[in-house]
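One structure is given here, and the rest of the page talks about it.
The values are calculated or read from the model by the stated rules, or taken from the named source; none is laboratory data. Since the model is a prediction, treat every value here as computed from it, not as a measurement. Using ideal geometry, Cβ is built from the backbone for each residue, glycine included, and neighbour counts are taken over all protein chains shown.
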Amino acid sequence: MNPSNTPHNLDKSTNPDSTPKPGESPSNRVPSTPIAPSTPLKTTPLSMAEKNPGLLIASILGVVLLALVTMLTINISKNVNSNDGDTVDPRQTNNQIRLNTNNDRDASQSSTKTSTDKNKFQDPDQNSVSPKSLSGALIKRTVPNAQSSKAICNDGTDYTYYTRPGSPENSDRWIVYFQGGAACSSVDACTSRAEEDPDLITADTQASRLSDGILSRDESHNPDFNDWSHVFLPYCSSDTWAGDTTHQIASDTWYFYGHHIVTAVVDELLNGVGDMPKLSDSTDLMVVGSSAGGGGVQLNLDRISETVHAVDSAVRITGVLDSVWGFLVEPYASREDAYGNVLSEGEAIEFHNTIGDQSCEAASSANDDGCKSTDTLLPYLSTPVFIYIDQRDSLKLSRVGIDNMGKDPAQRAYWEETWQPNLLASLEGLTGLFAPVIGKHTSLTSDRFYTVKIDGLNFADVLGNWYFDRSGPKSVIAEQP
């Protein structure tokens with residue numbers, strides 16, 4: 001490694017007579033001008049080295065170079081195949097490992113994707129993740145009897161997900177992560193989704209998965225939750241994890257069965273799967289999600305709590321909603337979905353036959369957002385939740401027509417005079433909150449979980465304060481830059 005970041009000059013064009021050779025100092029070098037011999041020349045045959053001194057020097061340099069290359073190769077091999085003692089599945093080639101530092105396929109998935117995948121929902125800023133953060137892969141599981149339980153993706157493939165048991169001390173404490181990735185709520189939008197983002201409508205086939213942020217095993221990055229039992233739920237139902245219907249799109253039947261996927265996975269975890277402890281024996285369960293995954297958490301959280309508490313009422317259950325916070329605000333332009341379609345939440349609910357939070361849906365005061373908007377739904381949730389929202393979330397702003405705030409004074413004025421004041425008003429009274437102003441979408445499974453700070457505190461710090469009721473701040477809002 002070159003600490004100075006200055007390129008090594010491997011082809012110096014200096015005069016060889018002015019540069020010491022290996023093993024020489026300037027004082028013991030052989031002069032370039034030949035010295036007349038004082039004794040007769042040897043009559044015995046000369047060796048190759050004696051005939052050609054340059055050949056000897058080249059041979060020595062070759063041996064030294066070979067040794068250096070060998071040492072470097074060994075070091076690289078150790079770094080690639082070992083992450084602080086944890087073993088990574090050797091089957092994970094570049095096309096198989098998906099580094100979900102974001103996990104969120106809505107806008108912050110930093111994966112090594114196949115050539116058919118698009119960048120619509122990617123954030124290139126999350127492509128650098130420390131190997132220690134990724135140590136210990138989560139292993140793939142397939143829901144048994146997936147077809148009969150309707151735990152299937154849009155294309156009808158059996159649902160797969162990933163698990164990793166915690167340490168002996170904390171294996172009974174769980175984090176279940178819902179991945180995001182927008183949604184499609186019309187025939188046209190779903191057709192675009194299948195063409196542009198085919199990985200979002202089918203089951204994951206990777207043998208294992210790595211992740212950062214709240215799913216990191218690195219104690220320095222994730223001090224409070226690094227050794228809990230972790231579950232990663234990929235998103236493939238395009239319905240914010242709450243659908244219960246099918247649609248005929250072109251010649252294919254699409255299954256919007258997010259609600260059934262959640263039900264089947266929770267049932268399986270309660271009974272035990274692979275090397276995981278039984279969720280029914282847990283003491284803590286934190287259900288978390290980013291973007292559309294956060295939407296899935298808020299729509300399913302109380303139902304999950306009821307299911308788990310029916311087995312053991314003593315389990316402490318909480319939620320974390322990353323970049324899903326919704327509030328009522330007049331858009332700068334028209335509201336659009338991920339594929340440019342102007343669509344209301346009411347139409348999405350009808351298209352997916354959404355099964356949402358029952359208490360909110362039963363309330364006569366529920367507005368036209370159909371209890372999918374967080375500020376509408378939150379008063380009806382009985383399970384405590386922590387909120388993460390970037391006040392200048394680029395994806396959320398793009399959905400209301402803001403795409404050039406840095407150079408367009410009118411867009412900047414909309415953010416300052418309409419968006420931010422309404423957002424801050426909607427956040428009043430929250431007991432667990434982290435709200436930076438960095439212009440990024442999602443942080444829960446990226447390095448932003450521990451690198452972005454407000455008054456010296458990061459997302460991990462404040463979430464830990466909230467969860468463990470520590471004396472530090474539990475709700476932190478950044479000032480406008």
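Here Val176 meets each of (1) surrounded by 20 or more Cβ atoms within 10 Å (Cβ to Cβ); (2) over 27 Å from Arg303 (Cβ atoms) with one exception, condition (2). Just name the residue that is nearest to Ser185 (Cα to Cα) out of those in region 276-300 that are surrounded by fewer than 24 Cβ atoms within 10 Å (Cβ to Cβ) and within 24 Å of the chain's Cα centre (by Cα). The residue in question is Met286.
Considering Ser398, Ser443, the condition of being under 25 Å from the mean Cα position of the chain (by Cα), within 30 Å of Asp218 (Cβ to Cβ) and of a type in the set (Gly, Ala, Ser) is satisfied by Ser443 alone. For region 262-295, the tally of residues that are touching a helix residue (DSSP H, G or I) at 6+ places or on another chain (Cβ under 9 Å) and within 14 Å of Ser237 (Cβ to Cβ) stands at 5. Of the helices (runs of 4 or more DSSP H) that lie entirely inside region 394-481, those containing 1 or more residues that are among the hydroxyl-bearing types (Ser, Thr, Tyr), surrounded by fewer than 19 Cβ atoms within 10 Å (Cβ to Cβ) and modelled with pLDDT under 95 span 394-398.
Yes or no, residue by residue, for (1) in contact with a strand residue (DSSP E or B) (Cβ under 7 Å, 6 or more places away or on another chain); (2) at pLDDT below 95; (3) over 24 Å from Ile389 (Cβ atoms):
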position: Ile201; (1), (2), (3): no, no, yes
position: Glu219; (1), (2), (3): no, no, yes
position: Ala242; (1), (2), (3): no, no, no
position: Asp267; (1), (2), (3): no, no, yes
position: Val288; (1), (2), (3): yes, no, no
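In the list Gly258, Gly166, which residue meets the criterion of being under 27 Å from Thr374 (Cβ atoms) and either in contact (Cβ under 8 Å) with a residue 40 or more places away in the chain or within 21 Å of the chain's Cα centre (by Cα) (or both)?
Every option except Gly258 fails the conditions.
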